[in-house]
Amino acid sequence: MSTGYHGGYRRNPIPPGEGVPVGCGCLAALFVGTLLAWLVVPAIFLIGTFLATHCLYVYLRRLAEIMGIGPGALPAPIASPPDTATGRAEPAFTHYLFGPALIDLRHAVHVALPAPLQVGREYDQRIRRAFQYRYPSWLMVPLGVIVWLGMAGGVIGGFVLVGLLGVLQLAVVVALALGVIAAGLTLRVIDSAMRRVKGIRTSCPSCHLRVNYPSYECFGTGCGRRHRDVRPGRYGVLKRRCACGTQLPTLLLVGSGDGRMKAYCPHCTEPMSRGAGTVTEVVIPVLGAAATGKTRLMTALVMGLLEGHTGYGAEAEFVDDESESAYRKLAAKLRAGVHTWKTIKTKDAPLRAYSLRIRPPTGAARLFHIFDAPGELVAKSESLRELRYIKAARTFLFTIDMLSIDAVWESLEPRVRAQHNQLRSDLAPDFVFGQLVQNIEGHGVQMSRARLAVALTKNDLVRNCAALAGVGDASEDIRRWLEGPAGLDGMVRAMRLSFAEVTFFRTSSWLEHGEIDYGVLDLAGWILIKEGLRVHHSLG
């Protein structure tokens with residue numbers, strides 16, 4: 001009978017599949033638990049870092065799509081600019097930092113900012129599918145919990161990163177917007193300061209009102225949209241983009257007056273001269289009674305500036321079609337030796353100036369506006385508002401018909417008087433000048449700082465009469481003759497008391513052998529020099 005011992009050992013048969021696995025399982029579970037305990041924190045950290053980075057990536061990708069980058073671009077809708085200026089709106093695209101940037105930020109809050117939450121939901125579903133109903137449960141459940149904790153930390157970290165990036169983005173946009181505002185204001189101040197230093201004062205040649213800044217028409221092909229204020233601002237700092245897509249300059253002194261954009265008066269909407277607002281403007285009123293020859297004298301002056309040697313080295317050109325068209329018609333009559341028509345003002349229509357840009361041999365150019373005022377306006381104080389352009393003038397040109405001077409008229413032979421009777425002005429020069437002084441003073445012009453050129457016209461008709469015998473062409477000779485034999489000492493005295501400087505010229509607007517009268521040339525050179533142009537001319 002067997003006792004169960006063999007070789008000093010007791011034999012205990014173990015049924016297959018029982019005993020040892022239980023002990024090994026406990027040891028394995030203990031080992032895995034210990035290993036997992038040591039790996040929990042690093043695992044959660046790594047998983048959280050990965051998910052936070054993924055959240056940031058999704059946020060940036062959606063932000064790029066909002067900005068219109070990438071194949072799945074979903075930019076925020078931005079309203080198109082109006083075709084015409086309405087209210088404060090201009091027919092131009094608003095600068096990105098003054099509108100679209102805020103729209104993109106709001107769009108990012110709705111579309112890109114929730115990225116961590118959506119990423120968390122996506123990974124939560126993946127974790128559930130990966131660890132649910134998987135064996136052994138004693139291993140899958142702890143792993144699932146670790147991954148879920150890492151995911152939660154990653155989503156929280158993602159929200160923190162995205163939030164910080166959003167705050168940074170907002171801060172950058174605000175800083176850039178403030179920088180752009182400061183740059184725009186600085187450029188406006190510089191532009192205004194340069195205009196003030198250069199003495200640039202802009203006035204409309206049609207309505208004669210002061211214009212701080214003209215409106216400009218887009219030079220894009222077939223566009224024609226009119227921008228009321230192109231200066232640096234919410235539509236652009238150095239450039240603005242018209243609704244048609246054309247880039248327009250914003251600074252008057254460096255681009256807006258380059259000839260591509262046509263300027264318009266903001267008051268009467270009439271076209272202004274090319275270069276308005278970019279160069280110093282000079283207003284020359286040509287004043288005098290009706291039939292004194294103002295129109296012919298003005299045409300002769302312009303002809304000398306454009307075609308003769310009147311400019312003494314300066315170059316002149318018209319800066320608007322209206323001036324050139326009117327001049328061509330009058331110049332043709334001057335060359336043909338026929339009389340020009342009387343200047344007649346259309347009812348309710350403002351007087352239009354001749355506008356020329358004159359470039360001297362050295363120094364800055366000037367924009368000259370030469371006004372031919374109808375004689376009936378000069379002689380009537382109630383027409384004061386019609387001559388409001390004289391507020392900007394510092395040089396005045398007063399015409400005296402030599403036929404209207406009694407001493408000259410009486411010295412002519414009866415046959416000559418009958419021949420020139422219809423050419424003679426009806427009003428006495430001293431009466432007309434008195435009305436003129438009242439009008440100028442009524443506009444608040446400081447005549448003590450202004451100068452007066454007195455042009456004695458129609459010299460070709462009377463130069464050989466007895467009353468002018470021995471009278472020279474120099475200003476002092478003419479002045480002494482007016483104060484003496486001509487009997488206009490009161491008028492001359494009033495001129496010298498009213499104006500800082502008075503100079504006299506004998507002129508003729510008739511071309512002799514196609515040549516302009518020297519008195520007209522001398523008058524034009526005097527005006528150019530007195531207005532600060534460096535031309536080759538001597539007043540001596």
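The values are calculated or read from the model by the stated rules, or taken from the named source; none is laboratory data. Note that the structure is a prediction, hence the values are computed from the model and not measured. Backbone-built Cβ (ideal geometry, glycine too); neighbour counts: all protein chains shown.
Could you check how many residues of segment 282-310 are farther than 19 Å from Ile440 by Cα and under 31 Å from the mean Cα position of the chain (by Cα)? Give the derivation first.
So in segment 282-310, the residues farther than 19 Å from Ile440 by Cα come out as 291-293, 295-310.
In the following step, the residues that additionally are under 31 Å from the mean Cα position of the chain (by Cα) were identified as 302, 305-306.
Counting residues in segment 282-310 that are farther than 19 Å from Ile440 by Cα and under 31 Å from the mean Cα position of the chain (by Cα) gives 3.
Quick one: would you say Val454 is within 18 Å of Arg394 (Cβ to Cβ), among the hydrophobic types (A, V, I, L, M, F, W, C), part of a helix (DSSP H, G or I) and assigned by TED's automatic domain parsing to the domain that holds Ala336? Steps first, please.
Details: within 18 Å of Arg394 (Cβ to Cβ): yes; among the hydrophobic types (A, V, I, L, M, F, W, C): yes; part of a helix (DSSP H, G or I): no; assigned by TED's automatic domain parsing to the domain that holds Ala336: yes.
So Val454 fails the test.
Within 25 Å of Pro100 (Cβ to Cβ), without any contact (Cβ under 8 Å) to a residue 60 or more places away in the chain, basic (Lys, Arg) and outside any loop (DSSP other than H, G, I, E, B) - does that describe any residue in segment 219-228?
Scanning segment 219-228 turns up no residue that is within 25 Å of Pro100 (Cβ to Cβ), without any contact (Cβ under 8 Å) to a residue 60 or more places away in the chain, basic (Lys, Arg) and outside any loop (DSSP other than H, G, I, E, B).
Go through (1) among the polar types (S, T, N, Q); (2) surrounded by fewer than 17 Cβ atoms within 10 Å (Cβ to Cβ); (3) at pLDDT 80 or above one by one and return the number of the condition Ser215 breaks.
(2)
Any residue at all in segment 279-289 that is in contact with a Lys or Arg (Cβ under 9 Å, 6 or more places away or on another chain), crowded, with 21+ Cβ neighbours inside 10 Å and in a loop (DSSP other than H, G, I, E, B)?
The answer is yes; a qualifying residue exists.
Cβ-Cβ distance below 6 Å, separation of 6 or more or different chains: which pairs start in segment 365-393 with a residue that is assigned to a strand (DSSP E or B) and end on one that is modelled with pLDDT of 80 or more and among the aromatic types (Phe, Trp, Tyr)?
Pairs that qualify, where the first residue is assigned to a strand (DSSP E or B) and the partner is modelled with pLDDT of 80 or more and among the aromatic types (Phe, Trp, Tyr), are Ile370/Tyr354.
So which residues in segment 465-506 are assigned to a loop (DSSP other than H, G, I, E, B), within 25 Å of Gln446 (Cα to Cα) and touching a Phe, Trp or Tyr at 6+ places or on another chain (Cβ under 8 Å)?
First, the residues of segment 465-506 that are assigned to a loop (DSSP other than H, G, I, E, B): 465, 469-474, 484-488, 499-500.
Next, from what is left, pick out any that are within 25 Å of Gln446 (Cα to Cα): 488, 499-500.
The one that is assigned to a loop (DSSP other than H, G, I, E, B), within 25 Å of Gln446 (Cα to Cα) and touching a Phe, Trp or Tyr at 6+ places or on another chain (Cβ under 8 Å): Phe499.
Starting from residues that are more than 18 Å from Thr503 (Cα to Cα) and in contact (Cβ under 8 Å) with a residue 40 or more places away in the chain, keep the ones in segment 441-458 and report whichever is farthest from the chain's Cα centre (by Cα).
Checking each candidate, the answer is Gly442.
Considering each residue of segment 227-236, count those that are crowded, with 18+ Cβ neighbours inside 10 Å and either small (Gly, Ala, Ser) or in contact with a strand residue (DSSP E or B) (Cβ under 6 Å, 6 or more places away or on another chain) (or both), and give that number.
5
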